[in-house]
1. Could you check how many residues of the stretch 145-155 are touching a strand residue (DSSP E or B) at 6+ places or on another chain (Cβ under 6 Å) and either touching a residue at least 40 places away in the same chain (Cβ under 8 Å) or not small (Gly, Ala, Ser) (or both)?
2. Looking at the stretch 1-120, what strands (runs of 3 or more DSSP E) fall wholly within it and have at least 3 residues that are in contact (Cβ under 8 Å) with a residue 12 or more places away in the chain, surrounded by 13 or more Cβ atoms within 10 Å (Cβ to Cβ) and in contact with a strand residue (DSSP E or B) (Cβ under 6 Å, 6 or more places away or on another chain)?
3. Given the options GLY234, GLY263, GLY202, GLY220, name the one that is on the phi > 0 side of the Ramachandran plot and buried (at least 21 other Cβ atoms within 10 Å of the Cβ).
4. Any residue in the stretch 128-143 that's touching a residue at least 12 places away in the same chain (Cβ under 8 Å): show its pairings with residues that are basic (Lys, Arg) and part of a helix (DSSP H, G or I) at Cβ separation under 9 Å, as long as the two are six or more apart or on different chains.
5. Which of the residues belonging to the stretch 107-141 are under 17 Å from TRP156 (Cβ atoms) and of a type outside the set (Val, Ile, Thr)?
6. If you check ARG91 against the conditions, is it under 24 Å from VAL224 (Cβ atoms), within 17 Å of the chain's Cα centre (by Cα) and modelled with pLDDT of 95 or more?
7. Considering every residue within the stretch 156-170, establish whether at least one is in contact with a strand residue (DSSP E or B) (Cβ under 9 Å, 6 or more places away or on another chain), surrounded by fewer than 19 Cβ atoms within 10 Å (Cβ to Cβ) and part of a loop (DSSP other than H, G, I, E, B).
Amino acid sequence: MEQKVVTFYRFADFPEHETWKPKLKKLGENEKISGTLILAKEGINATLSGPAEGLDRFIRFISDDSRFADLPIRSMTTPRPTFYRLRVLVRPEIVTLGDPSILPSNGSGKYIEPEDWNELISDPDVEVIDVRNDYEVEIGTFEGSINPTTQTFGQWAEFVDQRWGEERKKKVAMFCTGGIRCEKASAHLVQNGFEEVFHLRGGILNYLEKVAPEQSKWKGECFVFDHRVSVIHGLLDGKTKLCFSCRWPLADEDFQSPLFEEGVSCPRCASKLTTARKESLRERQKQMALARKRRTKHIGKEMPRQSPGHGPSCT
C-alpha cells in the first residue's frame with residue numbers, strides 16, 4: 001500500500017518537551033504512523049511514514065502549538081512501508097552536536113536557495129563542506145566539496161578545530177541531507193567567530209527536487225535514513241543497497257566478494273562478526289524467506305536502527 005513519507009524539524013524553545021512524548025506516541029500509533037520523532041528542549045525533529053490522512057492529522061496536532069506553526073514539511077510517496085514502528089525519543093538535542101548550548105536562535109548561517117547554490121559553490125574562495133558522515137558521502141556529494149570523514153555529527157567541532165584552528169575569515173558553504181545538521185553546524189561556526197557562513201536551504205533533498213539534472217552539480221545518490229536507502233533527482237528511489245549487518249553502502253564489487261552473504265555480512269564487516277552473530281543473521285534470512293513464500297510479514301528482529309556510527313537522525 002502506498003505510504004506518505006514526511007520530514008520536518010523546528011528549532012524552538014520547548015522546555016515541556018518530555019510531556020509531549022506519551023500523547024504523540026498514542027496519537028501516532030492510532031494513526032498507524034511509523035518512523036522516528038525526536039523531542040528536546042531545543043525543538044522537534046521527525047521522519048515519519050504512514051497513511052496520508054493520518055499523517056496530516058498528526059502534523060496538525062503538532063502545528064496547533066504556535067511554536068510549530070507553518071512547519072516546513074518535505075513529503076513524498078513510496079510504494080512500501082519505510083519504517084517498522086514509531087519511536088518518540090526524548091534527547092538533549094534534536095540533532096546531536098554534543099553541545100546543547102549552541103542554538104540557531106542565537107545566530108546561524110545564511111540560507112542559500114537551491115537555485116542559487118551552484119553559483120555559490122563555483123566561487124573558488126568558498127570552502128564547500130559536506131556536513132554528513134563518511135558513509136553518506138561515499139554514495140554521492142556535490143562536486144568539489146570537502147568530506148570531513150566524520151562517523152557521527154558529534155565529531156563536527158573536532159573537524160572545525162583541525163581544519164581551521166584559530167582562522168575565522170574563511171567563507172564557508174555547507175550542506176546536508178535535509179538541512180538540520182547544517183543549521184546546527186552553521187550556528188556553531190557563527191557563534192565561534194566565523195563571519196561568512198552559508199547553508200543550503202532544505203538540504204540536498206530540496207536541491208534534488210528543484211534543480212534539473214542537466215543543471216546539477218550533484219554527483220551520485222543521496223543517502224536517506226529509511227528503507228529507500230537513497231534517492232536521486234526528482235526524489236526517485238536510488239539503487240544503493242546496504243549491508244544489513246554493518247549498514248555500510250555496498251559497491252558493485254562487494255556483491256562479488258566471497259565475504260558477502262545476503263543479510264549477513266560484507267567485506268567491511270565479515271571479519272568483525274562472531275560466529276553466533278552470523279548464525280543469528282542467517283536464521284533471520286531464513287525466516288524472512290519463509291515469510292515471503294507464505295506472503296506474511298516477518299516480525300522478527302527489525303532492521304538495525306543505526307547507520308554506521310550514527311544514532312537516530314533524520315536529516
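The values are calculated or read from the model by the stated rules, or taken from the named source; none is laboratory data. Keep in mind the model is a prediction, meaning the values are calculated, not measured. We place every Cβ from the backbone using ideal geometry, glycine too, and count neighbours over all the protein chains shown.
1. 3
2. Result: 3-11, 34-40, 43-50, 74-78, 86-90.
3. Just a single option satisfies the conditions, and that option is GLY202.
4. From the stretch 128-143, the pairs are ILE129/ARG163; VAL131/ARG181; VAL131/LYS184; ARG132/ARG181.
5. Residues satisfying the conditions are GLY107, SER108, GLY109, GLU127, ASP130, ARG132, ASN133, ASP134, TYR135, GLU136.
6. So ARG91 fits the description; yes.
7. yes
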